[in-house]
Amino acid sequence: MKKHTAAVVGVGRIGWTLGFDKKREQPASHVTALKKNRRIKLIAGVDNNPKTLALFRQKNPMLRAYQSVDELYQNCSPDIVVVAVNEDAHLEVALDVISRGPKLLILEKPVALNLKDAAKIKAAAKKHGVPILVNHERRFAYDYRTAAAYIATIGPLQSISAKLFSGMKLYDPAAEESGAYSLLHDGTHLVDIVLFLLESLEAAGGKGGAAFGESSARSILKNPVVTGVYRDPKNKDIVRELCAHYSSKLCPEVSFFMSGRSRFFGFELDIVGTEGRVCIGNGYAKFYRRFESNLYTGFYSLSRDKKIVLPKKTGYFANMVQNAADFLDGKAPLMSNLQTGINALAVLEEIKAAL
């Protein structure tokens, strides 16, 4: 069977160099993940930074290296094009690639700097018939997909608490044009994974599983209230911390706590049902069920569910690329599409508007 050809536009950190991080689960970049997939043939890398491109060419002598999308398409026409450029270049590069009509565009998160730009990408994709896979990586990870199925077994949901800890400023209006603030850069992952869990539950009528069509997951969260806003003492325009509360017919309390004044990076979710609990974050996943208590007679307590055994690797990047191949082979829908990416961006803009 003929392989799908691919090119990566933007061979910086997420595009390529995170593939050298020995502490990260590999593959951890688009280049390394595409290289490892048997259904895909990576043929080129593109970057407008001469030093980055020269290093890419040196380390990948079997691949072609180009300075622009135009130069790429003058020489080849890949089936898959990855857009892994900085947030402020998403719109321009995505529109350029879409106009060339690839069979699939893999777009790094967030979709765009704002909903206005995202709408332009959506319109162009529709006009040229280009499907888009958005790399909200946790949707593809075994641990989070297990959590999505498990929450259907722990009774009606009572609360979801999603937390993000970072040292990067949470929001700065002066950074609107660059996207260099954590609410957008990291918050998109936090919001998207909560939407994924809820949309999975809703898609199966509350019985678990997942569907990945043109999701209406944004409508799952309602009645936003932003509290606990902490502003930088030296610049009141900069937000360092906030908590956003939502309600949902699937869960009465959904909260997002985000901090941009921590001296560590943390990402975690705590999902509580009437009969169980899931605690999941970077590097861990714990599943709890209701059992007869060994502490109190006549009571029940939560204990670790020993039946849940996860693989050593989450497969977050490898599974994303495999989903791209399966989609092109007609075997599966996209598990993270343009609409789900826009849904996450809509929640972030709603939170930002309340600051």
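The values are calculated or read from the model by the stated rules, or taken from the named source; none is laboratory data. Everything numeric here is computed off the predicted structure, so don't read it as measured data. Here the Cβ positions follow ideal geometry from the backbone for every residue, glycine too, while neighbour counts run over all protein chains shown. Keep in mind that these areas ignore ligands, DNA and RNA; they rest on the heavy atoms of the full protein, side chains included. Shrake-Rupley method; radii C 1.70, N 1.55, O 1.52, S 1.80 Å.
Some points to look at:
Listed here are the residues, each with its yes/no results for (1) touching a His at 6+ places or on another chain (Cβ under 8 Å); (2) surrounded by fewer than 23 Cβ atoms within 10 Å (Cβ to Cβ).
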| site | (1), (2) |
| --- | --- |
| 54 | no, yes |
| 92 | no, yes |
| 105 | no, no |
| 117 | yes, yes |
| 151 | no, no |
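- Single condition residue 282 does not satisfy, out of (1) touching a strand residue (DSSP E or B) at 6+ places or on another chain (Cβ under 7 Å); (2) within 30 Å of residue 38 (Cα to Cα); (3) in contact (Cβ under 8 Å) with a residue 24 or more places away in the chain: (3)
- Residue under evaluation residue 167, criteria (1) surrounded by fewer than 23 Cβ atoms within 10 Å (Cβ to Cβ); (2) among the small types (Gly, Ala, Ser); (3) closer than 30 Å to residue 291 by Cα, criterion not met: (3)
- Of all residues in the range 276-301 being surrounded by fewer than 16 Cβ atoms within 10 Å (Cβ to Cβ) and among the charged types (D, E, K, R), the one that is farthest from residue 313 (Cα to Cα): 292
- All conditions but one from (1) closer than 19 Å to residue 6 by Cα; (2) of a type in the set (Lys, Arg); (3) open to solvent by 30 Å² or more (accessible area, probe 1.4 Å) apply to residue 109; the one that does not is (3).
- Residues that are free of Cβ contacts under 8 Å to residues at least 40 places away in the same chain and under 29 Å from residue 175 (Cα atoms), drawn from the range 310-355: 353
- Among residues of the range 91-106 that are over 28 Å from residue 318 (Cβ atoms), those with a Cβ under 8 angstrom from a residue that is part of a helix (DSSP H, G or I) and small (Gly, Ala, Ser), sequence gap 6+ or separate chain, pair up as 95/124; 99/124.
- Failed item, numbered, when residue 37 is tested on (1) more than 25 Å from residue 110 (Cα to Cα); (2) open to solvent by less than 20 Å² (accessible area, probe 1.4 Å); (3) out of contact with any Phe, Trp or Tyr (no Cβ under 9 Å at 6 or more places or on another chain); (4) not basic (Lys, Arg): (1)
- Selection of the range 279-327 for residues being under 18 Å from residue 140 (Cα atoms) and of a type in the set (S, T, N, Q) yields 282, 314, 319, 322, 323.
- Residues satisfying the criterion are absent from the range 181-189 (criterion: surrounded by fewer than 16 Cβ atoms within 10 Å (Cβ to Cβ) and touching a residue at least 12 places away in the same chain (Cβ under 8 Å)).
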